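A.B. asks: One structure coming up, written as structure tokens, with questions to follow.
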Amino acid sequence: MALSLDTVTVEASRAEDARAFHAAVFTEGATADSPVVDLNGTGRLSFEATGSIATGFRGCVLSVIVERPAEVQALVETAAAHGAEVVKPPRKELFGEYTAVFRAPDGTLWKLAAATKKNRGT
């Protein structure tokens, strides 16, 4: 049986700001109308206000696997342009993958990975 998640709910002190950040990074042509962020058909993110400002590790690391290193690079650049902290810059790893890690302004850590070191295909 394969595990499947429909929606992951992220707690943030400012849920609307967190939703706007994630929509800007992970979706093209995102609108402010939707309360959830659709991850291009692979799942959804919803956001709930905590009422307080969280500090340190938020207990949540989410990962995204993409096809090419260029996609990892583009996601990190977009996230940084919208206020994310790049924790681990994009780079080739020892065993063949290409990875990066960033922390969203709400504290959520995101690990991005491509299973190959080379950009192939379109």
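A.B. asks: Below 11 angstrom from the Cβ of Arg91, what's the summed charge of the other residues (Lys, Arg +1; Asp, Glu -1)? Intermediate results must be reported in sequence, preceding the final value.
C.D. replies: Details: positive: Lys88, Lys92, Lys117; negative: Glu93, Glu97.
So the surrounding residues net to +1.
A.B. asks: Then there's this: Report the label-to-label distance for Arg120 and Glu48 in nanometres (one decimal), using points 7 Å from each Cα along the Cα→Cβ vector.
C.D. replies: The answer from the label model is 4.3 nm.
A.B. asks: Something else: Once you list every other residue whose beta carbon is under 12 Å from the beta carbon of Lys118, what net charge do they have if Lys and Arg are +1 and Asp and Glu are -1?
C.D. replies: My count for the surroundings of Lys118 gives +2.
A.B. asks: On to the next question. Can you give the local net charge around Ala15? Use residues other than it whose beta-carbon is closer than 9 angstrom to its beta-carbon, Lys and Arg +1, Asp and Glu -1.
C.D. replies: Computed value for this residue: -3.
Bear in mind these aren't lab numbers, they're just calculated from the coordinates by the rules spelled out. Since we're looking at a predicted model, the values are computed, not measured. Positions of Cβ are generated from backbone atoms using ideal geometry, with glycine treated the same way; all protein chains shown enter the neighbour counts.
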